[in-house]
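Asks: Got a structure here, written out as structure tokens. Questions coming.
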Amino acid sequence: MAVQDQPARFECLVDALPKAKISWFLNDKELTAKDGFKFETNAQTSVNTLVLTKVTSSHLGKYTIKASNIVGEIEHLFNVDVLGK
């Protein structure tokens with residue numbers, strides 16, 4: 001759940017060896033910094049965070065985080081609803 005016009009953070013723990021490449025998707029479209037999304041990784045805790053600086057109705061939908069390395073890949077899906085003010 002995210003509140004319109006407010007920031008939101010979505011976190012996922014990714015513990016992989018070798019280190020995994022992390023990709024975030026919204027409704028099956030890969031997200032990029034050019035789209036206004038911010039990505040953070042804490043190397044000490046292995047927590048990967050997707051940051052929305054200001055939630056809008058365009059952020060509504062199905063999110064996927066994908067971790068992949070030479071061993072394989074795994075995905076986690078979650079839905080985000082946007083609440084109005």
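The values are calculated or read from the model by the stated rules, or taken from the named source; none is laboratory data. Note that this is a predicted model, so its numbers are computed, not measured. Counting neighbours? That spans all protein chains shown, and the Cβs are built from the backbone with ideal geometry, glycine included.
Asks: Which ones in the range 22-45 are closer than 20 Å to GLU73 by Cα, surrounded by 15 or more Cβ atoms within 10 Å (Cβ to Cβ) and out of contact with any Gly (no Cβ under 7 Å at 6 or more places or on another chain)?
Replies: ILE22, SER23, TRP24, PHE25, LEU31
Asks: Another question, if that's okay. Considering only the range 37-48, how many residues are part of a loop (DSSP other than H, G, I, E, B) and under 16 Å from ALA2 (Cα atoms)?
Replies: Looking only at that region, the number is 0.
Asks: Here's another thing I want to ask about it. From the list VAL51, VAL55, which residue is in contact (Cβ under 8 Å) with a residue 12 or more places away in the chain, under 14 Å from VAL80 (Cα atoms) and in a loop (DSSP other than H, G, I, E, B)?
Replies: VAL55
Asks: How many of the residues making up the range 5-21 are of a type outside the set (Lys, Arg), surrounded by fewer than 16 Cβ atoms within 10 Å (Cβ to Cβ) and either at negative phi or in contact with a Phe, Trp or Tyr (Cβ under 7 Å, 6 or more places away or on another chain) (or both)?
Replies: 8
Asks: A further question follows. Restricting the range 17-36 to residues that are assigned to a loop (DSSP other than H, G, I, E, B) and of a type in the set (A, V, I, L, M, F, W, C), which is farthest from the chain's Cα centre (by Cα)?
Replies: LEU17
Asks: So, one more: How many residues are exposed (fewer than 10 other Cβ atoms within 10 Å of the Cβ) and farther than 17 Å from ASN27 by Cα if we restrict to the range 56-70? Even if it seems obvious, please write down each step before you answer.
Replies: Filtering the range 56-70 for residues exposed (fewer than 10 other Cβ atoms within 10 Å of the Cβ) gives 57, 70.
Of the ones still in play, those that are also farther than 17 Å from ASN27 by Cα are 70.
Matching residues across the range 56-70 total 1.
Asks: Right, here's the next one. What's the number of the condition TYR63 fails, among (1) in contact with a Pro (Cβ under 8 Å, 6 or more places away or on another chain); (2) at pLDDT 95 or above?
Replies: (1)
Asks: Inside the range 64-82, can you point out the residues that are part of a loop (DSSP other than H, G, I, E, B) and aliphatic (A, V, I, L, M)?
Replies: Listed by number, the residues that qualify are ILE70, VAL71.
Asks: Still on this structure: Quick check on my filter: what residues within the range 2-36 are touching a residue at least 12 places away in the same chain (Cβ under 8 Å) and touching a helix residue (DSSP H, G or I) at 6+ places or on another chain (Cβ under 9 Å)?
Replies: Result: ALA2, GLN4, ALA8, LEU26.
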